[in-house]
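Input: a single structure, listed below in structure tokens.
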Amino acid sequence: MHDDGRYDDPHVTGSGDPVSRETDYPSWSPGAAGPSSRSTDSEPPAVHGQLPDPSPHPGSTSGRRAAEGPSHPANAPEVRPASWRRNTAAAVRFESAVPHQPTASAVRDAAPMIVDEPVASTESLAAVAADPTYVSRETSPRDEDDPPLAMEAMRAVQILNPSGEVTMPRPDRTRVMCVANQKGGVGKTTTTVNLAVALALHGNRVLVVDLDPQGNASTGLNVPHHTGVPDVYDCLINSMPLVEVAQAVEGIPNLWCVPATIDLAGAEIELVSVVARESRLDRAIAAYPGEFDYVFIDCPPSLGLLTVNALVAAQEVLIPIQCEYYALEGLNQLINNINLVRQHLNPKLDVSTILLTMYDRRTRLADAVEQDVRNHFGDKVLQAVIPRNVRVSEAPSYGQSVMTYDPGSRGATSYFEAAQEIAERGAKEPVGRNA
């Protein structure tokens, strides 16, 4: 093979005819004959879908032969010089390229693909037609003209509130909220920690009571909860005052935490024989000398005596619901237990807030769960939805909440919006500045 613009090796083309690299005509294919099968008199190629004209062209060689008459018998093979093949190859090699008319498929394939314009889904179009004010969750809330880093920095400053001037509305009374769901892994502890930090960073006095023997809320707030540290177990069993157990959270003003140690795992059994076992936590919170705007109680993933103590002590129930089917399956049982506590132990108890967590916008299941929850609970469901965000999961490993670990992330922004919505629902005054 010679690299001179053609292939002379018959093993490459499957025949003895050379094939030029410029070979480009509609009827040619890798398995077809070489250029020798193409007429050397520049006959126009056959158009796809049309039969070639059988009549000879006046200017072609066959036309001249027909006019002049046969010079040899019709069945005799045509005798050509030995140099014909070489000259034909040279002619094919050096003949000028004739532009072909592009086909419709070639024009379609060569058209540039537009990827900047988003394609609206059928569900979004239907929602817009039903409600002109509908805004899809796929729509980016930020202005596309602003740089992403600038927008993230603005969100971080808004969430951290370094000046301390901007405050969230403060309630006229202490709101004791129990974060409960007997299903594990739905975001109870994460919700408790991040809502408490968001409210504390904006002027509210917040107390977090870790009632889960795993002590994850204490870990998220970087509060010591090893064996020997006074914890909520001492308040429930030994009647220790809550003020002696609460610890100030480092780096977060106006935030305190009552830790939980592994000793709390035995409180379920020990509370069985204690008088007024269901209201031990309620009495401890009522005896606290200070005043709080919010008291968040992080419950264990069960419906035992610890959760019953939290429901009796609380005035409101916040239920985090994971956007999956299993989270909905046990919700009915939780609502039945809350109704029993309301009837027999705490008439003031009310399910005031539903928060959707671990929302994955890539799946239709998340949208289906959201619609079912909103249709059933109505206005109790917060408009803010917590998406799946790796920063939310990374923050506890550093002893922080996502609000301080990465305040510009989507997870921090979503929890900030949820905290602001909770504060506005129970406020008596609009957002203002600290006195």
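Some observations on this one:
- Among residues of the range 282-330, those that are part of a helix (DSSP H, G or I), at pLDDT 85 or above and crowded, with 19+ Cβ neighbours inside 10 Å, counted: 12
Condition check ((1) closer than 26 Å to Arg173 by Cα; (2) of a type in the set (Lys, Arg)) across all residues:
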residue	(1), (2)
Arg205	yes, yes
Asn216	no, no
Cys235	yes, no
Val245	yes, no
Ser273	no, no
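- Residue check, Val258 over 18 Å from Tyr398 (Cβ atoms), touching a Pro at 6+ places or on another chain (Cβ under 7 Å) and either open to solvent by less than 10 Å² (accessible area, probe 1.4 Å) or among the hydroxyl-bearing types (Ser, Thr, Tyr) (or both): no
- Some residue of the range 165-183 being touching a strand residue (DSSP E or B) at 6+ places or on another chain (Cβ under 9 Å), farther than 19 Å from Gly426 by Cα, crowded, with 18+ Cβ neighbours inside 10 Å and not small (Gly, Ala, Ser): yes
- Test result for Leu195, within 14 Å of Ala419 (Cα to Cα), modelled with pLDDT of 90 or more and open to solvent by 10 Å² or more (accessible area, probe 1.4 Å): no
- Assessment of the range 409-420 against the conditions (part of a loop (DSSP other than H, G, I, E, B) and modelled with pLDDT of 90 or more) yields at least one matching residue.
- Of all residues in the range 261-281, those satisfying the criterion of being open to solvent by less than 70 Å² (accessible area, probe 1.4 Å), farther than 16 Å from Pro300 by Cα and not aliphatic (A, V, I, L, M) are Ser279, Arg280.
- Meets criteria (surrounded by 15 or more Cβ atoms within 10 Å (Cβ to Cβ), out of contact with any Ser or Thr (no Cβ under 8 Å at 6 or more places or on another chain), polar (S, T, N, Q) and within 26 Å of Leu160 (Cβ to Cβ)) for Ser414: yes
- Listed by first and then second residue, the pairs linking a residue in the range 146-173 that is farther than 30 Å from Gly290 by Cα to a residue that is among the aliphatic types (A, V, I, L, M) and open to solvent by 40 Å² or more (accessible area, probe 1.4 Å), with Cβ atoms under 9 Å apart and 6 or more places separating them unless they lie on different chains, are Asp146/Met154.
- Restricting Val392, Val341, Val369, Val385 to residues that are not in a helix (DSSP H, G or I) and not polar (S, T, N, Q) narrows the list to Val385.
- Whichever residue in the range 348-358 is assigned to a strand (DSSP E or B) and touching a Lys or Arg at 6+ places or on another chain (Cβ under 7 Å) and, among such residues, is most open to solvent (accessible area, probe 1.4 Å): Ser352
- Single match in Val232, Val208, Val243 (criterion: within 19 Å of Phe292 (Cβ to Cβ) and open to solvent by 20 Å² or more (accessible area, probe 1.4 Å)): Val243
The values are calculated or read from the model by the stated rules, or taken from the named source; none is laboratory data. Keep in mind it's a predicted model, so treat the numbers as computed, not measured. Neighbour counts are summed over all protein chains in view; Cβ atoms, including those assigned to glycine, are modelled from backbone coordinates with ideal geometry. Please note that ligands, DNA and RNA were not included when accessible areas were found on the heavy atoms of the full protein model with its side chains. Shrake-Rupley method; radii C 1.70, N 1.55, O 1.52, S 1.80 Å.
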